[in-house]
1. Considering only residues that are among the aliphatic types (A, V, I, L, M), farther than 22 Å from Gln215 by Cα and surrounded by 14 or more Cβ atoms within 10 Å (Cβ to Cβ), which ones fall in the range 82-136?
2. Would you mind listing the strands (runs of 3 or more DSSP E) fully within the range 129-240 where at least 3 residues are free of Cβ contacts under 8 Å to residues at least 24 places away in the same chain, of a type in the set (D, E, K, R) and over 18 Å from Lys116 (Cβ atoms)?
3. When you scan the range 100-109, do you find a residue that is touching a residue at least 12 places away in the same chain (Cβ under 8 Å), assigned to a loop (DSSP other than H, G, I, E, B) and among the acidic types (Asp, Glu), even just one?
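The numbers here are math on the coordinates, done by the rules we state, and not lab data. Quick caveat, the model's predicted, so the values are computed rather than measured. Virtual Cβ from ideal backbone geometry, glycine too; neighbours counted across all protein chains shown.
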Amino acid sequence: MIREKGSQRAMLKLIESDHFLSSINNLIKPYAEITVYDNWMPKSLHNDKEAELKNFLKYNFDPQMYNKIVSWWLHVDTTTPNWDLVSTCTIDGKRGILLVEAKAHEKELNEESHEKRLKADATNDSKKNHERIGLAIQLANEGIKKSGFDISISRDNCYQLSNRVAHAWWLANQGIPVVLMYLGFLDCQDMNDGKNKLLNSPEDWEDCFLKHAKQVGVSSIIDKWVDCGESKFITISRSI
């Protein structure tokens, strides 16, 4: 199904544009580069399936990584977090991954300040997955803190941002360098319904994202490489 508005629509239009590669590379420089030989998901407005990392890793890196990431994140295999854009890229001469989370207005980011909620009628498998996710994020938090950063990502606070950083950390621990980019789309008029506060300038986006990131200490790692031993990751905030 083609998404009609918001950050997902804006991302798909960017991907389908003639200037996609130049625009993305301008955003992620000097940390990474994407070429026509890389592979990314989603592909276009009419091929708009978002990427799950377990499948992306299976087909672009190592089939065994499907089971590895599932066992780290889940007790029982089910849907894992989707990404607005995932792409292979080159980081310091090595094959890496670009992960992108996109937003089109302030509410879209602020709504992510909540914890991961467990339904009252959750199945035993769901409860076990909920527990495993909490442990996975905790493990990532401990690992990042050991690298010297004051961070407090958690399943129970700013869950989406926390799980994004946790996945970047996990990939780096598998030897895959990562650029994690939070991307604000400016002046998305299709979301101008009187209820949403649009992002009108780069400063609007930076202020909004920094306030959000400070809640779990992610502000301490913005534009800084986190060395995970096997490889590294960096979190960046950009707007377009």
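1. Leu85, Val86, Ile91, Ile97, Leu98
2. none
3. The answer is no; no qualifying residue exists.
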